[in-house]
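To start, the structure under review is shown below, and the notes come after it.
Since every read-out is calculated from the coordinates, none of them should be taken as a lab result. Treat the numbers as computed from the prediction; the structure is a model and nothing was measured. Cβ placement follows ideal geometry from the backbone for every residue including glycine, while neighbour counts extend to all protein chains displayed.
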């Protein structure tokens, strides 16, 4: 019982101060399965990370910080082309390259049951991911994934998304009233924003838009809270409906998300891994994303307002993920996806090399040739995935006993 209480307090303490209704949703989601629990507890993952390990001796690179199976997907770059890449940088930091690899592989093992994999399939996928990563890293060359270079389910995803259009995307979330779009009130991923929230967002967005080259593009029509993700549920997050290129069918949707300190920061401090002095947390996220991705996403910006910082980006009809559960554990279908993720991880690290202390390509190429860390990584991944399942079982007991009832 004492161990359950300790876990409960760690989770409650980390999530303190979040929007009550959305925090209740986060805790409910985390009860569903161990994979979602892992996604919602990045802070536990790095609090448990061993301070003495060969994995900490790996070259330092710009990492996503929360790399798991659901944090790869498609997006439209600022050149309006669609890519497949990492797509969540809330926890991004300068850290040993092995940290991202471990979290992705552990998510594969922990997610096996809920995603329809056998344990043997999940282990094989981890090995394929790592092998593809090492092979890509050893070349020292960075590439990217677009429709012409993708394969398997990733290519199918990008082909399917190319048929989506803005009008249909807008119609899913908004409706036209008297010739003007407003948000739907019945959409499951939208929540009405309170009057004070709306005024706050209007003020910060108006101040930012006035400094842009085309302020008319950002004429604000409507505001709603967005329900998305798991780990960040409960932080301030809104969708803004703006004029865009004029007319109801040429409006744009923008995602505005509060950024808080990385969940990795306590570990980085303990291990004395210095970080740049960012202007604010949103600047950290935006800069890391621009370094790591082959092409930054459309309309990416960092906004600082009255002591809080926010990431702004376009919400697009081309944002989506590969449906791993649809593979029903078929290794032949899953293997190319994990190999693509492994290659993408290596290319991101190579691409961002040599920036403010990150390893250059020569260091990463030499690292790829050393088998000792690979064996240590696989051993840790197997061990800690069991720890996640144990923590999840304890969370379920605490949740069912009402330990999160006040928040829920």
Report, by residue number, each residue of region 299-308 that is out of contact with any helix residue (DSSP H, G or I) (no Cβ under 8 Å at 6 or more places or on another chain) and surrounded by 18 or more Cβ atoms within 10 Å (Cβ to Cβ).
-> 299
Filtering region 249-286 down to residues that are surrounded by 20 or more Cβ atoms within 10 Å (Cβ to Cβ) and in a helix (DSSP H, G or I), which residue is farthest from the chain's Cα centre (by Cα)?
-> 267
Is there a residue being touching a residue at least 60 places away in the same chain (Cβ under 8 Å) and assigned to a helix (DSSP H, G or I) anywhere in region 72-87?
-> no
